[in-house]
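The values are calculated or read from the model by the stated rules, or taken from the named source; none is laboratory data. For clarity, every value in this text was computed on a predicted model and none was experimentally measured. Reconstructed Cβ throughout: ideal geometry from the backbone, glycine too, with neighbour counts over all protein chains shown. Surface accessibility is based on the protein's heavy atoms, side chains included, excluding ligands, DNA and RNA. Shrake-Rupley method; radii C 1.70, N 1.55, O 1.52, S 1.80 Å.
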Amino acid sequence: MLHTLTFEAEDGSIHTANYNAHTSELEGLTGADERDEWPVAPRVSAATPLGKSRAPRVLKIQLGLGCNFSCSYCSQAHQIHEATVSTLSDVDAFLIQLDGWMEGAPARIELWGGEPFVYWAKIKRLIPALHERFPGADFVIITNGSMFNRERLDWIIEYDIQLGISHDGPGQPLRGPDPLNNPEQRNWIETVLAERKGAVGFNVVLTRDNYDLAAIRDWFAQRLGQDVPIGLEGVVSTYDAATLLGSGRFEKSDLNALSQSVFEMALDNPNAFGLGERVQGFIQSLKERRPVTTLGQKCGMDRPEHIAVDLRGNVMTCQNTGAKGQHKIGHVEALEEVALDTSTHFAHRENCLKCPVVQLCQGSCMFLEGAFFDQSCKNEFALNFGIMRAALFQMSGMVLTKIESQFPEVNIDD
């Protein structure tokens with residue numbers, strides 16, 4: 001897919017270049033680091049389902065979807081009624097069951113809720129056994145940060161748990177109570193930051209009412225200091241009607257402002273929000289002439305070696321879905337029968353193949369469809385267009401002002 005890029009130089013002169021998003025060819029770039037061979041990613045769909053490996057590299061364990069918050073844009077809210085309810089005895093059965101289906105050791109083990117610390121008794125039984133069995137694995141918990149105490153922090157330190165604290169800074173009211181406004185909870189978050197330096201950070205979701213990255217950065221700095229680590233979980237996706245009509249529906253002016261905010265932050269402070277890594281990733285794709293055929297979905301859950309399971313051994317589309325509905329794709333006791341048929345790789349979406357930021361976006365959420373996908377796509381485009389502009393400015397010193405695309409009939413192999 002060929003896109004004509006229009007740039008404005010510092011002296012006001014206008015320049016154009018051609019960019020092929022399928023082959024990562026940018027007119028005038030030498031491609032000195034070009035590689036000879038690239039693997040081809042699987043293209044999952046209902047018609048071409050994907051299996052799961054007995055040797056997963058990433059193991060995501062869903063403890064349940066229960067939570068002590070009620071985020072207005074929660075990606076799991078529409079799935080809560082589909083989640084299984086497990087007991088402590090299920091933890092023991094899960095650990096025994098591992099020997100029957102898993103080969104080797106995962107590189108990363110993630111524990112997910114809902115809010116994982118709602119399931120503290122299960123975590124205390126689960127993690128020590130997994131840590132003993134897989135001592136080389138990285139252990140990760142994503143939490144809202146409201147349930148820390150001394151016992152839990154000591155345990156986190158003992159088992160070297162990495163923490164991601166979901167918090168939106170000035171946009172936190174969309175999630176629920178702000179633990180930083182609670183003196184006890186704030187004290188424990190500050191203690192976690194001090195005692196787990198380098199292994200804990202905040203994850204921010206951009207929404208219609210909270211997309212100014214400079215304001216978000218300043219908000220955290222004023223409350224927790226300049227060095228607080230802030231990551232960008234992404235821009236909100238619309239999983240249900242409430243989000244589609246609410247915090248996930250951006251007006252065009254908001255999308256433009258979001259994109260500009262990302263562009264400016266990536267240039268002003270590339271270490272903030274992890275933007276510098278994304279910018280460099282796009283630049284590297286151009287240098288290496290990375291073909292779009294090598295890319296899977298953004299979340300990675302279309303890879304055979306990434307698997308999401310609950311404590312009863314059900315295999316699901318991802319950790320944000322329940323196993324009592326359509327997103328149950330099998331069970332570990334019959335792993336050869338697991339079929340990821342609930343999702344659609346971007347190769348099967350015409351608009352994705354025509355998109356200039358597909359190398360960055362990688363298809364948004366792989367199981368969304370219809371209006372939910374369309375709005376999520378717009379949101380993702382705004383975010384990734386800002387990253388693309390920052391990368392091209394860094395390379396050329398010029399500002400990308402317009403993209404004109406040619407839309408012939410195409411397929412992923414063009």
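For the stretch 310-414, give me every one of the strands (runs of 3 or more DSSP E) that falls completely inside it and has 1 or more residues that are touching a strand residue (DSSP E or B) at 6+ places or on another chain (Cβ under 6 Å) and within 27 Å of Leu50 (Cα to Cα).
Hits in the stretch 310-414: 314-316, 328-331.
For residues that are outside any strand (DSSP E or B) and either closer than 18 Å to Cys299 by Cβ or out of contact with any helix residue (DSSP H, G or I) (no Cβ under 8 Å at 6 or more places or on another chain) (or both), tally how many sit in the stretch 201-239.
Here the count works out to 11.
Return the residues of the stretch 69-89 that are open to solvent by less than 60 Å² (accessible area, probe 1.4 Å) and out of contact with any Phe, Trp or Tyr (no Cβ under 9 Å at 6 or more places or on another chain); say none if nothing qualifies.
Phe69, Cys71, Ser72, Glu82, Ala83, Thr84
Could you please find all residues in the stretch 168-179 being open to solvent by less than 10 Å² (accessible area, probe 1.4 Å) and either aliphatic (A, V, I, L, M) or assigned to a loop (DSSP other than H, G, I, E, B) (or both)?
Listed by number, the list holds a single entry, Asp168.
Is there any pair with a first residue in the stretch 1-28 that is in contact (Cβ under 8 Å) with a residue 40 or more places away in the chain and outside any strand (DSSP E or B) and a second that is open to solvent by 20 Å² or more (accessible area, probe 1.4 Å) and of a type in the set (Phe, Trp, Tyr) whose Cβ atoms are under 8 Å apart and which are 6 or more apart or on different chains, and what are they?
Close Cβ pairs (under 8 Å, with a partner that is open to solvent by 20 Å² or more (accessible area, probe 1.4 Å) and of a type in the set (Phe, Trp, Tyr)) amount to Met1/Phe407.
Residues checked against (1) modelled with pLDDT of 95 or more; (2) aromatic (Phe, Trp, Tyr); (3) touching a Gly at 6+ places or on another chain (Cβ under 8 Å):
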{"position": "Asn187", "(1), (2), (3)": "yes, no, no"}
{"position": "Ala194", "(1), (2), (3)": "yes, no, no"}
{"position": "Gly201", "(1), (2), (3)": "yes, no, yes"}
{"position": "Val205", "(1), (2), (3)": "yes, no, yes"}
{"position": "Trp219", "(1), (2), (3)": "yes, yes, yes"}
{"position": "Gln226", "(1), (2), (3)": "no, no, no"}
{"position": "Val235", "(1), (2), (3)": "yes, no, no"}
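Yes/no per residue for (1) in contact (Cβ under 8 Å) with a residue 60 or more places away in the chain; (2) more than 17 Å from the chain's Cα centre (by Cα):
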| position | (1), (2) |
| --- | --- |
| Arg349 | no, yes |
| Leu353 | yes, yes |
| Ser364 | yes, no |
| Phe367 | no, no |
| Ala371 | yes, yes |
| Lys378 | yes, no |
| Phe381 | yes, no |
| Ile387 | yes, no |
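Looking only at the stretch 8-29, filter to residues that are of a type outside the set (A, V, I, L, M) and in contact with a Lys or Arg (Cβ under 8 Å, 6 or more places away or on another chain); which one of those is nearest to Asp341 (Cα to Cα)?
Here the answer is Thr23.
If I go through the stretch 343-399 residue by residue, how many of them are in contact with a Leu (Cβ under 7 Å, 6 or more places away or on another chain), open to solvent by 40 Å² or more (accessible area, probe 1.4 Å) and under 24 Å from Glu8 (Cα atoms)?
So the answer is 1.
Within the stretch 189-215, which residues are among the hydrophobic types (A, V, I, L, M, F, W, C) and open to solvent by 40 Å² or more (accessible area, probe 1.4 Å)?
Ala194, Ala215 - these are the residues of the stretch 189-215 that are among the hydrophobic types (A, V, I, L, M, F, W, C) and open to solvent by 40 Å² or more (accessible area, probe 1.4 Å).
Please go through the stretch 105-146 and give me each residue that is touching a residue at least 40 places away in the same chain (Cβ under 8 Å) and among the aromatic types (Phe, Trp, Tyr), ordered by number.
Trp112, Tyr119, listed by residue number.
Only residues that are of a type outside the set (A, V, I, L, M) and under 17 Å from Arg57 (Cα atoms): list them for the stretch 90-99, please.
Listed by number, the list holds a single entry, Asp99.
State all residues of the stretch 266-299 that are in contact with a helix residue (DSSP H, G or I) (Cβ under 9 Å, 6 or more places away or on another chain), open to solvent by 10 Å² or more (accessible area, probe 1.4 Å), closer than 19 Å to Asn203 by Cα and part of a helix (DSSP H, G or I); if no residue qualifies, say none.
Of everything in the stretch 266-299, those that are in contact with a helix residue (DSSP H, G or I) (Cβ under 9 Å, 6 or more places away or on another chain), open to solvent by 10 Å² or more (accessible area, probe 1.4 Å), closer than 19 Å to Asn203 by Cα and part of a helix (DSSP H, G or I) turn out to be Gly276, Arg278.
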